[in-house]
1. If you average the sequence gap of Cα pairs under 8 Å that are 6 or more apart and divide by the length of the chain, what percent do you get for the contact order?
2. When only alpha-carbon atoms count, how far does the chain stretch along each of its three principal axes, as whole angstroms with the largest first?
3. Using only C-alpha positions, report the orientation-averaged shadow area of the convex hull of the range 53-125, nm², one decimal.
4. For the range 3-44, what class follows from the C-alpha gyration tensor (a ≥ b ≥ c being the square roots of its eigenvalues): rounded when a/c is under 1.5, otherwise prolate if a/b is larger than b/c, else oblate?
5. Determine the percent antiparallel among the DSSP beta bridges restricted to the chain, to the nearest 5.
6. Give me 31, 93, 40 sorted ascending by neighbouring Cβ count inside 10 Å, so fewest comes first.
7. Please arrange 26, 37, 42 by counting, for each residue, the other beta carbons lying within 10 Å of its beta carbon, fewest first.
8. Any idea how far the Cα center of the range 1-16 sits from the one of the range 37-99, in Å?
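The numbers here are math on the coordinates, done by the rules we state, and not lab data. Quick caveat, the model's predicted, so the values are computed rather than measured. A quick note on method: Cβ atoms are made from the backbone with ideal geometry, for glycine too, and the neighbour counts reach across all protein chains shown.
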């Protein structure tokens, strides 16, 4: 199986929103094979709790503007791992330390990645 066109559209919106808030290490995984309830995971990192919350808020706002409805949200108050379920797309926004600890990419390493087409821009080091 492969991710549905709807999931890929949601992914594009979410990835652009995350990128606009300077999310780091964006990775999209096609989990449609092993998971019957969702097609895509988007994983992103923020450098601190405030940035994690900002990234998650921007993603949610842009997805809602595009007509998507959030099914479930968790972790926003802590700002360490925010999980947002939009049905075909599940977004994980991690504090960089927690992302290394939980290592979702390792857990889902058998799932293919989906290339992200993000605008090229300079970021401060």
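1. Result for the chain is 29 percent.
2. Taking the Cα atoms of the chain, the three principal extents are 38, 32, 31 Å.
3. Details: hull surface 25.8 nm².
For the range 53-125, averaging the hull's shadow over all directions gives 6.4 nm².
4. oblate
5. So the antiparallel bridges in the chain amount to around 65 percent.
6. 31, 40, 93
7. 37, 26, 42
8. For the range 1-16 versus the range 37-99, the Cα centre distance is 14 Å.
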